[in-house]
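Everything below concerns the one structure shown next.
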Amino acid sequence: DALESGVLVVAAAGNQGENSSDVSTPASIERVIAVGATDRYGSAWKDTSRGSPSLNGEQRIDPHMKPEISAPGENIISTHNPELGIPYASSSGTSVSTVFVAGSLALILQKHQSELIQYEEENGTNSFIDLIKNSLNNSVDSENHDSRTGYGFLDAASWEAKIASSLP
């Protein structure tokens, strides 16, 4: 299993809208970082899936409420298949949002690579994942979890600072 091996998994919450019963799999798994989408105004994007307060009858607790975070996900311009004659196109959805979170995480892991490896060796994989998720959840301005936007909106610089301050 990827999570047991210390792989950090960032997954799209899904595009089922506010009437969804939960985020999609694998985003629903406890130690996975589930990402919701925001619109151009910073509100929950109309189709971002809603997280459930429980999974299989068990209440979710911090830092594992779903989704954990939101990032831009409406009309994002990106590269497109040039064989179709259009080098760029816009796209919307939680998969688009996931790229922002995964990219931020990759840069943070690169910056603190040796310290994070040492932390995981000394504290174990679950503590390592909890450090990453708690730092993410504490990096936002929101005090409460929202079932569509998570703990708040991605702030990569604040996330990096929270991780840095948590390391020995």
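How tilted is helix 125-138 with respect to the longest principal axis of the chain? Cα atoms for both, answer in degrees (0 to 90, nearest 10). So the helix axis and the longest Cα principal axis differ by about 60 degrees. Between the helical axis of 156-166 and the longest alpha-carbon principal axis of the chain there is an angle of about 10 degrees. Using Cα springs under 10 Å in a Gaussian network model of the chain, which residue among Asn81, Asn15, Asn138 shows the largest mean-square fluctuation? Among Asn81, Asn15, Asn138, the largest mean-square fluctuation in the Gaussian network model of the chain belongs to Asn81. Past 23 Å, Cα to Cα, is the threshold; run Lys46/Lys111; Lys111/Lys162; Lys66/Lys111; Lys46/Lys133 against it and keep the listed order. Those over the limit are Lys46/Lys111; Lys66/Lys111; Lys46/Lys133. This model, with +1 at the C-beta of Lys and Arg and -1 at the C-beta of Asp and Glu, gives the chain a dipole about its Cα centre of some 380 debye. Multiplying the residue separation of Leu3 and Ala157 by 0.36 nm and subtracting their alpha-carbon distance yields 53.0 nm.
Per residue, the average separation of C-alpha pairs within less than 8 Å and at least 6 apart gives region 70-168 a relative contact order of 26 percent.
Could you work out the pair-distance distribution P(r) of region 3-155 from its alpha-carbon pairs, with 10 angstrom bin width and percents rounded to whole numbers? Cα pair-distance distribution for region 3-155, in percent: 12, 40, 32, 14, 3, 0.
Only helical runs count toward this figure. For the chain, summing -39,500 (n - 2.57) over DSSP H runs of n ≥ 4 and dividing by all residues gives -10500 deg cm²/dmol at 222 nm.
Considering only alpha-carbon pairs that sit under 8 angstrom and 6 or more positions apart, the relative contact order computed for region 3-155 is 27 percent.
Sorting the segments 122-130, 90-98 by their mean number of nearby beta carbons within 10 angstrom, highest to lowest, gives 90-98, 122-130.
In nm, what is the difference between 0.36 nm times the number of residues separating Thr25 and Lys46 and their Cα-Cα distance?
Length gained between Thr25 and Lys46: 5.6 nm.
Read the figures in this text as sums done on the coordinates, not as results from a lab. This structure is a prediction, so every number in the text was calculated from the model and none was measured. For neighbour counting, all protein chains shown are included, and Cβ atoms are generated from backbone atoms with ideal geometry for every residue, glycine included.
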